[in-house]
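**Q** Quick one: the structure is below, questions incoming.
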Amino acid sequence: MAIAIQPQRIDVVHVVREAGRKPRLASFDSFRKEGSDVEALTRLRRSLGLQRYRCTTLIDSSAYQFLQIEAPQVQPGELKAAMRWRIKELLEFPVEQAVVDVLDIPLEGAPMGRPHLMFAVGARSHVVGDQVQAFQQAGIPLEVIDVSEMAQRNVAALFEQPGRGLALLAFYERGGLLTFTRNGELFALRRIDIAAQALAEADEERRIQLFERVGLELQRSLDNFDRQFSHISLQRLLVCSPPGATGLLDYLKQNLYLPVEEGDLGTVLDTTQAGKFRAAAEQWQYLSAVGIALREQAAP
């Protein structure tokens, strides 16, 4: 069960995975957040019986940094300590106040001599601790605190073709996120400083300016990905834009060399139990929650 806490609401999504079938969206709903996180979570636990589920949640993007760096040449048991040292000067807060995790970037198919890269995630330990404590006090079993980059990776994996790379661009309340994946693995990403609300509410002149900024950021990112991961052939770019961002998809189709399509979750999820989820507004709102609900036990 995914529980995504937003400033004014809490989104709850339950996805069931069954071998040989599309992941099934068993339920999804959104609840107005009243009172503290503990109070809101306690009410949800009572009304939804959340104590019966393995639960996961997201940490806010302002509370961590997601960094791509060269992998240190150390034994596996020393990796996290070495990465902590490597990112010490890159973090915007003291590394002593950070929870650090790592994610490998596969070398399979890469040219000989290419550096081995990894992702390091450094999160503010007090924020992680506060989230763990809120769930504990509410009586909800929390298994994982995840990040939006990994949630988006999980969504992208549903759209991939075996052996081909996929670019997925989505816009959230705090900005856009572009990810590059292949075979369920994350290879690269880029943050775009344009919030979903800005795209949805801009007048026509401002919207065109924002579209141009998005297009420029995408072109730079695609060129950089081609240089860094020349062994990965991108199949297409999927776009998940907020309601009201009229024209973005058409603009990108006309200005990028890569095929551009709408990221329709209804094509990769079994939504027969959640009919209204087929609407674009629901798909956009619940994108991150769906992503962490898709998290498999063996995933990093």
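**Q** Quick one: in region 45-98, of everything that is among the basic types (Lys, Arg) and in contact with a strand residue (DSSP E or B) (Cβ under 7 Å, 6 or more places away or on another chain), which residue is nearest to Ile145 (Cα to Cα)? If you could, list the steps in order and put the result at the bottom.
**A** Step one: filter region 45-98 for residues among the basic types (Lys, Arg), giving 45-46, 52, 54, 80, 84, 86, 88.
Of the ones still in play, those that are also in contact with a strand residue (DSSP E or B) (Cβ under 7 Å, 6 or more places away or on another chain) are 54, 80, 84, 86.
Working: Arg54: 12, Lys80: 18, Arg84: 19, Arg86: 23 Å.
Across region 45-98, the extreme among qualifying residues is Arg54.
**Q** Now a separate question. Out of curiosity, is Ala157 in contact with an Asp or Glu (Cβ under 6 Å, 6 or more places away or on another chain) and not acidic (Asp, Glu)?
**A** Numbers: in contact with an Asp or Glu (Cβ under 6 Å, 6 or more places away or on another chain): no; not acidic (Asp, Glu): yes.
So Ala157 does not fit the description; no.
**Q** Which residue pairs have Cβ atoms under 7 Å apart, sit 6 or more places apart or on different chains, and have a first residue in region 44-60 that is surrounded by fewer than 17 Cβ atoms within 10 Å (Cβ to Cβ) and a second that is of a type in the set (D, E, K, R)?
**A** Gln51/Arg45; Arg54/Glu143
**Q** Can you confirm whether Arg174 is within 26 Å of Gln209 (Cα to Cα), out of contact with any strand residue (DSSP E or B) (no Cβ under 6 Å at 6 or more places or on another chain), among the basic types (Lys, Arg) and surrounded by fewer than 23 Cβ atoms within 10 Å (Cβ to Cβ)?
**A** Considered against the rule, which asks whether it is within 26 Å of Gln209 (Cα to Cα), out of contact with any strand residue (DSSP E or B) (no Cβ under 6 Å at 6 or more places or on another chain), among the basic types (Lys, Arg) and surrounded by fewer than 23 Cβ atoms within 10 Å (Cβ to Cβ), Arg174 comes out as yes.
**Q** If you don't mind, another one. How about region 232-244: which of its residues are of a type in the set (A, V, I, L, M) and more than 17 Å from Leu216 (Cβ to Cβ)?
**A** Ile232, Leu234, Leu238
**Q** Further question: Assess whether Arg236 counts as being without any contact (Cβ under 8 Å) to a residue 24 or more places away in the chain and either within 30 Å of Gln209 (Cα to Cα) or outside any helix (DSSP H, G or I) (or both).
**A** no
**Q** Which one is farthest from Leu168 (Cα to Cα) among residues in region 277-300 that are among the charged types (D, E, K, R) and within 17 Å of the chain's Cα centre (by Cα)?
**A** Checked region 277-300; the qualifying residue farthest from Leu168 (Cα to Cα) is Glu296.
**Q** Got at least one residue in region 106-119 being touching a helix residue (DSSP H, G or I) at 6+ places or on another chain (Cβ under 6 Å) and closer than 27 Å to Gly291 by Cα?
**A** no
**Q** If you don't mind, another one. Do we find that Ala274 is surrounded by 15 or more Cβ atoms within 10 Å (Cβ to Cβ), at pLDDT below 95 and more than 18 Å from the chain's Cα centre (by Cα) in this structure?
**A** The answer is yes for Ala274.
**Q** Of all residues in region 74-98, which are among the β-branched types (Val, Ile, Thr) and surrounded by fewer than 18 Cβ atoms within 10 Å (Cβ to Cβ)?
**A** Val74, Val95
**Q** Are any residues in region 248-267 surrounded by fewer than 18 Cβ atoms within 10 Å (Cβ to Cβ) and in a loop (DSSP other than H, G, I, E, B), and if so, which ones?
**A** Leu256, Tyr257, Leu258, Pro259, Asp264
The values are calculated or read from the model by the stated rules, or taken from the named source; none is laboratory data. It should be emphasised that the depicted structure is a prediction, and the values quoted were computed from it without experimental measurement. Here the Cβ is made from the backbone with ideal geometry for all residues, glycine too, and neighbour counts use every protein chain on show.
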